[in-house]
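Enquirer: Below are the structure tokens for one structure; questions will follow.
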Amino acid sequence: MKCRRCKALAAVALPSHNTAFCPECYPLFFSSQVERSMHRQHMAEPGERILVAVSGGKDSLALTLQLHELGYQVHCLHVDLSIPNSSEGARIICEKFCASLGVPLSVIALREYGLAIPLVKTRVKRPICSVCGKLKRYYFNKFALDHSFPVLATGHNLDDEVSRLFANTIRWDTSYLSNQGPALPAAAGFARKVKPLYRLTEFEIANYCFLKGIEHVTTACPYSSKASFPIYKGLWSDLEARMPGAKIQFYENFLRQGRPVFAAWAKQQEESLQPCPGCGYPTSTDLCGVCRIKAMMVE
Ligand code: SF4
Ligand SMILES: [Zn+2]
Ligand SMILES: [Zn+2]
């Protein structure tokens with residue numbers, strides 16, 4: 001197969017785009033996809049300050065490099081989960097990567113808040129991944145607001161988005177279906193959130209990291225077997241292999257046709273959010289989810 005751009009021998013075949021690229025042209029294709037997503041979804045203004053949530057995984061580091069190369073003022077934030085044999089390595093990778101680009105990095109260590117994930121796991125009787133996700137979202141959002149970043153970017157890719165959409169659809173979770181998307185506007189207590197890699201698959205990002213020589217975390221989190229998304233990802237990989245383009249069609253058609261319907265429905269049902277009495281985070285219940293977790297830690 002030949003490279004679509006320069007006709008040299010192709011190294012990366014992309015059946016969903018019905019095309020292929022050589023190692024020199026593939027990063028250009030990758031950048032064009034990110035730029036297109038940023039532009040289409042009005043994610044950020046040229047040169048704007050962007051807070052990028054980095055885990056040390058391939059997605060968030062590829063995102064950092066892309067936004068940096070596109071000329072945005074990138075500042076990275078890593079949440080250290082304090083998981084033995086996992087978190088320290090992830091933090092070191094983030095530090096090395098940001099230093100190599102000259103991009104500033106801030107680190108929030110959950111253990112400093114009494115919220116180290118292994119400890120939380122012993123106290124909170126809920127799936128640890130949903131609690132961990134809640135804590136990360138909370139601290140990323142808080143940091144963005146506290147430091148006046150106009151936008152918070154995460155490395156969610158097409159596989160993440162499709163699995164989440166599929167999980168929400170299986171449950172017909174209308175509340176989540178009404179606001180899942182690659183760009184969420186700022187609201188009271190919430191920073192603007194964007195996912196510039198939403199059109200790129202894990203395979204495409206892994207190829208980009210390999211060709212760019214990005215060193216990233218390769219070992220799975222010891223708790224990852226408890227997560228349900230890998231099951232959905234496996235199902236969608238099988239479907240994509242039989243029907244190239246199924247993932248992007250499912251997601252893009254949802255954004256165009258499904259989400260507006262759910263969003264209109266949700267507006268009618270709108271629950272009013274109040275600032276949490278413990279920390280000020282918007283919540284529809286008495287205390288916000290993170291303050292409830294903190295309360296369980298001292299019980
Ligand atoms: S696998 Fe679960 S516990 Fe581990 S980092 Fe991901 S969300 Fe957190
Ligand atoms: Zn080429
Ligand atoms: Zn709170």
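Enquirer: Does Val74 count as over 11 Å from Val52 (Cβ atoms) and assigned to a strand (DSSP E or B)?
Expert: So Val74 fails the test.
Enquirer: Still on this structure, I have one more. Within the set of pairs 6+ apart or on separate chains, which have a first residue in region 108-122 that is more than 16 Å from Val298 (Cβ to Cβ), a second that is polar (S, T, N, Q) and in a loop (DSSP other than H, G, I, E, B), and C-beta atoms under 9 Å apart?
Expert: Ala109/Ser82; Ile117/Ser82; Pro118/Ser82
Enquirer: Of a type in the set (Ser, Thr, Tyr), surrounded by 15 or more Cβ atoms within 10 Å (Cβ to Cβ), farther than 26 Å from Arg242 by Cα and more than 16 Å from ligand 3 (Cβ to nearest atom), is that true of Thr19?
Expert: Considered against the rule, which asks whether it is of a type in the set (Ser, Thr, Tyr), surrounded by 15 or more Cβ atoms within 10 Å (Cβ to Cβ), farther than 26 Å from Arg242 by Cα and more than 16 Å from ligand 3 (Cβ to nearest atom), Thr19 comes out as no.
Enquirer: Kindly establish whether Ser87 is in contact with a strand residue (DSSP E or B) (Cβ under 6 Å, 6 or more places away or on another chain) and of a type in the set (Ser, Thr, Tyr).
Expert: So Ser87 fits the description; yes.
Enquirer: Moving to a separate point now. What's the number of the condition Val131 fails, among (1) in a helix (DSSP H, G or I); (2) away from ligand 3 (no atom under 16 Å from the Cβ); (3) touching a residue at least 12 places away in the same chain (Cβ under 8 Å)?
Expert: Just one mismatch for Val131, condition (2).
Enquirer: What are the residues in region 35-83 that are without any contact (Cβ under 8 Å) to a residue 60 or more places away in the chain, more than 21 Å from Asp146 (Cβ to Cβ) and buried (at least 22 other Cβ atoms within 10 Å of the Cβ), if any?
Expert: Result: no residue meets the conditions.
Enquirer: Could you list, in sequence order, all residues of region 1-13 that are out of contact with any Ser or Thr (no Cβ under 6 Å at 6 or more places or on another chain) and surrounded by fewer than 19 Cβ atoms within 10 Å (Cβ to Cβ)?
Expert: Residues satisfying the conditions are Met1, Lys2, Arg5, Cys6, Lys7, Ala8, Leu9, Ala11, Ala13.
Enquirer: Let me ask something additional. Before we move on, is Tyr281 surrounded by 13 or more Cβ atoms within 10 Å (Cβ to Cβ), more than 25 Å from Arg40 (Cα to Cα) and more than 16 Å from ligand 1 (Cβ to nearest atom)? Don't jump to the end; show me each part of the working.
Expert: Numbers: surrounded by 13 or more Cβ atoms within 10 Å (Cβ to Cβ): yes; more than 25 Å from Arg40 (Cα to Cα): yes; more than 16 Å from ligand 1 (Cβ to nearest atom): yes.
The answer is yes for Tyr281.
Enquirer: Of everything in region 18-43, what is over 20 Å from Leu63 (Cβ atoms), out of contact with any helix residue (DSSP H, G or I) (no Cβ under 6 Å at 6 or more places or on another chain) and either modelled with pLDDT of 95 or more or not polar (S, T, N, Q) (or both)? Give them in sequence order.
Expert: Within region 18-43, Thr19, Ala20, Cys22, Glu24, Cys25 meet the criteria.
Enquirer: Run down Ser100, Ser82 and say which single residue is of a type in the set (Gly, Ala, Ser) and closer than 26 Å to Cys132 by Cα.
Expert: Ser82
Enquirer: Quick test for you: out of Gly289, Gly245, pick the one residue that is of a type in the set (Gly, Ala, Ser) and within 16 Å of ligand 3 (Cβ to nearest atom).
Expert: It is Gly289.
Enquirer: From the list Ser55, Ser16, Ser60, Ser32, which one is more than 16 Å from ligand 1 (Cβ to nearest atom), closer than 25 Å to Gly102 by Cβ and of a type in the set (Ser, Thr, Tyr)?
Expert: Ser32
The values are calculated or read from the model by the stated rules, or taken from the named source; none is laboratory data. Every value quoted in this text rests on a predicted model; they were computed, and no experiment measured them. Cβ atoms come from the backbone with ideal geometry, glycine included; neighbour counts cover every protein chain shown.
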